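**Q** I'd like to ask you about the structure that follows.
Every read-out reported here was derived from the displayed coordinates using simple, explicitly stated rules and does not represent laboratory data. Just so it is clear, the structure is predicted and the values come from calculations on it, not from any experiment. We place every Cβ from the backbone using ideal geometry, glycine too, and count neighbours over all the protein chains shown.
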Amino acid sequence: MQHHRRLWPQIASSEITPEHVYRSRRTFLKLAGISLGAGALAACGAQAATQPQSNTAASATAPVSSLPYGVGTLDELGDAANSVEQITTYNNYYEFSTSKDDVHTLVGAFKTEPWTVTVDGLVGKPQTFDMDDLRTSFDQEERVYRLRCVEGWSMVVPWTGFPLAKLLRAVEPTAAAKYVRFESVMRPEAMPGQNDIFSFQWPYVEALRLDEAMSDLALGVTGLYGKPLPVQNGAPLRLALPWKYGFKSAKAIVKITLTAEQPTTFWNTANAREYGFYGNVNPDVSHPRWSQSSERRIGDMARRRTLKFNGYERSVAALYTNLDLAVNY
Ligand code: MTE
């Protein structure tokens, strides 16, 4: 997601299947096939992933865990979750690298303990939480969500986390609060990408309207495949906003601020024409340099049709009835 112009549409680069994904694909498909029966039975509703599933198939891609997620986990629309290997080795995390394949090799020294998240601004009860507070004060849930990157690739990811609405209610937003700003950690000594101050304005900041943040789909993520969240996926706290392009889901959050004015955001500041404030997945609104009508699921060869709001239209369309989505992209 370089913000500077290129001669060729960048989508071409995301078409190239990284070798490790290609290599793991066959294993993944085989494993998905093994337990598809159990997975398909569990695919009937949002609670599907909470059904215990067998992890007995021995493989590097199968999580060894007594927790519910396993091989054959499906999302609400019946798509198989990507493998742990795929999800943890193909990452957008510009604080570490602009190369998706390299991020996981650079995170080894990054410490996520101790960690606090301050929630402040237009709230009645500003608070600073440590990660144990967040994990114990708010019931952790398991949700299998689609993640659609603005670059034209997608995954299905089994997250663990808590509804963001619960955290926001706990700090009691005032009547003046209209937006929620999420700030990622600033740690240039451990995050090499943050030393590039000419291309980007650090820290990474994202934001939502308060009513979007209160949506039942908005998740504060603490885990992946039933285990603690890996650093490359945004440990110890990130967002999952499955109806929006992935760039809205800030990683390594340290501060959440409720505001009256719409906050400035990282990608919108870098290139407002290419990355809007809303970032809702929309096959009908092209990125200036490529169409958004289709996407490539990591692990698949063929492209698939992109769905409006990434398939979550029923849950979120009501938030946007008075908004021209072509203008507010
Ligand atoms: N958060 C921070 N702090 N820095 C980033 O570079 N990249 C975003 C988002 N959150 C990013 C971030 C983008 S563009 C995407 S697509 C997702 O993280 C990728 O999440 P994943 O690596 O878990 O797939």
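**Q** LYS178 versus THR128, label points 7 Å from Cα toward the beta carbon: distance in nm?
**A** Those two pseudo-labels are separated by 3.1 nm.
**Q** Something else: Per residue of the stretch 83-90, in order, report the coupling 6.51 cos²θ - 1.76 cosθ + 1.60 (Karplus, θ = phi - 60°) as ³J(HN,Hα) in whole Hz, putting x for Gly and Pro.
**A** Values, residue by residue: 6, 4, 4, 4, 6, 9, 10, 9 Hz.
**Q** Compare the Cα positions of SER199, PRO263, SER286 along the charge dipole of the stretch 180-329 (+1 at Cβ of Lys, Arg; -1 at Cβ of Asp, Glu; about the Cα centre) and return the one farthest towards the positive end.
**A** Checking the options against the dipole of the stretch 180-329, the answer is SER286.
**Q** Something else: Could you list which residues have their amide H under 5 Å from that of LYS244, counting only those 5 or more apart in sequence or on another chain, with H placed in the peptide plane?
**A** VAL281
**Q** Past the 22 Å Cα-Cα mark, which pairs from LYS227/LYS251; LYS111/LYS244; LYS227/LYS308; LYS111/LYS227? Before the final figure, lay out the partial values.
**A** Working: LYS227/LYS251 17 Å; LYS111/LYS244 28 Å; LYS227/LYS308 30 Å; LYS111/LYS227 17 Å.
Result: LYS111/LYS244; LYS227/LYS308 exceed 22 Å.
**Q** Round to a whole angstrom and tell me the spacing of the C-alpha centers of the stretch 101-130 and the stretch 239-294.
**A** 20 Å
**Q** Just to confirm the filter: which chymotrypsin sites (Phe, Trp or Tyr not before Pro) across the stretch 170-221 are DSSP coil and have at most 13 other Cβ within 10 angstrom of their Cβ? Before the final figure, lay out the partial values.
**A** Working: sites: TYR179, PHE182, PHE198, PHE200, TYR204; in loops: PHE198, PHE200, TYR204.
Taking the stretch 170-221 and a limit of 13 other Cβ atoms within 10 Å, the loop chymotrypsin sites (Phe, Trp or Tyr not before Pro) found are PHE198.
**Q** Calculated FRET efficiency, ARG289 and THR118, Cβ-Cβ r, R0 35 Å, to nearest 0.05?
**A** Numbers: r = 37 Å, r/R0 = 1.05.
Efficiency computed from Cβ-Cβ geometry: 0.40.
**Q** Under the rule of at least 5 residues apart or a separate chain, name every residue whose amide H is placed under 5 Å from the amide H of LEU122.
**A** The list, which skips near neighbours in sequence, is LEU258, THR259.
**Q** Moving to a separate point now. Got a sec to turn the phi values of the stretch 240-257 into Karplus ³J(HN,Hα) couplings, 6.51 cos²θ - 1.76 cosθ + 1.60 with θ = phi - 60°, whole Hz, x for Gly and Pro?
**A** 10, 10, x, 8, 10, 4, x, 5, 6, 8, 4, 9, 6, 6, 10, 8, 10, 10
**Q** Right, here's the next one. Hey, got the dipole for the stretch 259-329? About the Cα centre, +1 on K and R Cβ, -1 on D and E Cβ, debye to the nearest 20?
**A** Magnitude of the dipole: close to 380 debye.
**Q** Please list 3J(HN,Hα) in residue order for the stretch 108-121, calculated via the Karplus relation 6.51 cos²θ - 1.76 cosθ + 1.60 where θ = phi - 60°; whole Hz, with x for glycine and proline.
**A** x, 8, 7, 8, 10, 10, x, 8, 10, 10, 8, 10, 9, x
**Q** Further question on the same structure: Just grab the label-to-label distance for ALA190 and ASP324, each label 7 Å out from Cα along the Cβ direction, in nm (one decimal).
**A** Output for this residue pair reads 4.6 nm.
**Q** Between ALA207 and residues 5 or more places away or on another chain, which pairs have amide H atoms under 5 Å apart, with H built 1.01 Å from N, and which residues are they?
**A** Under 5 Å from the amide H of ALA207: PHE182.
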